[in-house]
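One structure is given here, and the rest of the page talks about it.
We did not get these values from a lab; they are worked out from the coordinates using the rules stated. Everything numeric in this text was worked out from a predicted model, so none of it was measured. As a convention, Cβ positions derive from the backbone with ideal geometry for all residues, glycine included, and neighbour counts pool all protein chains shown.
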Amino acid sequence: MSSPPLNVVLCWHMHQPSYWVDGRYAQPWVYLHAIKDYTDMAAHVETVPGARAVFNFVPVLLDQIEHYRTLIHGFLVSGDAIADPLLDALARAELPQEAQHRADLIEQCQHVNERHMLPRFPAFARLVALARHAGPDAGRFLSDGYLADLLVWFHLTWLGEHVRRDDERVKRLLAREHGYTAAERRLLVTIIGELLDSVVARYRRLERDGRIELAASPQAHPILPLLLDLESAREALPHSQLPSNSRYPGGEERVRWHLQEARRNIAQHFGRAPRGCWPSEGAISTPALRLIADAGFSWAASGGGVLTNSLAASQLTVTCAHRPFTVAGVACFFRDDGLSDLIGFTYKDWHADDAVANLIGHLETIHRHCDRPDAIVSIILDGENAWESYPENGYSFLQALYHSLVANQALRLTTFSDYLEANPHAALELKSVVAGSWVYGTLSTWIGHPDKNHAWELLQTAKRRFDERRDSLPNVVECEALLAICEGSDWFWWLGDDNGAATVARFESLFRAHLKAFYRAIGEPPPATLDVPLSHGSDHAAAHVMRSSSGQ
């Protein structure tokens, strides 16, 4: 008698921090990933019958997508300025003339994957080569015609593969190659607006049709265990260096806020609250899981390293770890780090068919050797940043992956919630977990380095000032939302020596700008310490785990 199929979940995490500060978008990554990755990832499920997946959205990302929709609509209907310098420059009939502004745009338009996004389009590659030859004087010496072509080609390069293949308007723009008119630039902005309009509606429809499950991270993507107790970093790394004060003021209240706002936000965008939560960076602790359960989530997920550490600490041996566990009242799924990282880091250099065959082979091996009829393999990773490192935005790989998984009788694509409904008694109880994340099974990516610790101290100080003034503030709701942005994980991720100097400068300055905006909102002048860079990175740093080389 043949054994039941192996349950397989593909969980794609969609995440960008807030780039909105001081009345403008400081970086364009929200709308660029929307037109390239959020649309493509929906299209892969739409076009493969039987394909299923879990998509986890960070709520602050959804808010920004909605804001961009409003901005583009305002431009197309009323000619309003778009509060994103790059997108506004593409849209305007008259190109900016100030030399530094032009130089900034030219520099921004070079943020593409050098291996796959640039060589594929020779006309764009020639424009980039000319910009690099001109160097710092590019803004003064390169013409309006050059800048118009560069802006168009940058955005054409950042379009998703499905729209490039299916939209006749895009095909005509690609074929033109140079000499783009103001009308053609406006057309491209119209296409971008249509793509942004489609994102939420497409995922809502896929969930309604039972093809996907929608899950959520906490509202602004904070590291929950650290908000609750900075000392939690020492559960996996006992000798971690921590900030002088190991307690974040009112941390539990803030965790509850982020979780409840996430449920409200997802319900607002998609029509119903999520059942599942990928906590920011898969970072969990036992107290954090208890609050996740209290907020109404039925499942959470984390990294395989966390499970390994937790089983060792519990002195618990399992013959097959591909199963859910119950911790603090919530079902927990743990990422198969090996398989997930093959997609995130390795298969980009393989032929798509070979990569998919290799992954299917691993899954079939698990199916043969795992002694549980209800076994489940959780493949969880970033749903956006990996694909620019693949040919054609991962099109061939993802199409082959979904088709092969659907066709294989030994495998069953499912979602976490559907699995729990079908297997209500599969979870094994764990009394506690060792606090950690998907990255190395620890929290060291966000705390422990002097620069990261200093950022935590600045955030703690700002939070205490808010608590002192809260009762007298007329704008508490606004202040809480701004504070949430400052509590996000991304700022701490980039600080330290693991990333290049230019990228660190962009993100640490944005963190300081967010903190300054928060101080102004609570009616206080920002402290002078926020004028001093927190971290400088290293020009010799290797690319950090799972973040795009071209941006975020």
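Numbers for the structure displayed
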item: Proxy reagent accessibility, fewest Cβ within 10 Å first, across Glu388, Glu252; result: Glu252, Glu388
item: Relative contact order (%) - the range 70-204, alpha-carbon pairs under 8 angstrom, separation at least six; result: 29 percent
item: DSSP-defined antiparallel bridges as percent of all bridges, the chain, nearest 5; result: 15 percent
item: Cysteines without a disulfide-compatible neighbour (Cβ-Cβ under 4.7 Å), the chain; result: Cys11, Cys109, Cys277, Cys332, Cys479, Cys486
item: Built amide H within the under 5 Å cut-off of Cys370, gap 5+; result: none
item: Distance between the range 490-528 and the range 157-171 - C-alpha centres, whole angstrom; result: 36 Å
item: Dipole magnitude (debye, nearest 20) for the range 450-531, charges at Cβ of Lys, Arg, Asp, Glu; result: 220 debye
item: Environment charge of Val170, counting only residues whose C-beta is closer than 15 Å and scoring Lys/Arg +1, Asp/Glu -1; result: +1
item: Cα gyration tensor, the chain - rounded (a/c under 1.5), prolate or oblate; result: oblate
item: Computed [θ] at 222 nm, helices only, for the chain once each DSSP H run of length n ≥ 4 contributes -39500 (n - 2.57); result: -15000 deg cm²/dmol
item: Candidate lysines for bridging to Lys516, where Cα separation is under 21 Å - those fewer than 8 sequence places away on the same chain excluded; result: Lys452, Lys463
item: Cβ-based net charge around His425, under 15 Å, with every Lys or Arg adding one and every Asp or Glu removing one; result: -1
item: Within-11-Å neighbourhood charge of Leu405 [Cβ basis; K, R +1; D, E -1]; result: +2
item: Burial ranking of peptide ranges 33-42, 290-299 (average Cβ count within 10 Å, highest at the top); result: 33-42, 290-299
item: Overall Cα dimensions of the range 70-204 - principal axes, largest extent first, Å; result: 46, 34, 23
item: Relative contact order (%) - the range 450-531, alpha-carbon pairs under 8 angstrom, separation at least six; result: 34 percent
item: Among 506-515, 126-135, the order from most to least packed when residues are scored by Cβ within 10 Å on average; result: 506-515, 126-135
item: Mean Cβ neighbour count within 10 Å, used as a protection proxy, ranking 68-81, 170-183 highest first; result: 68-81, 170-183
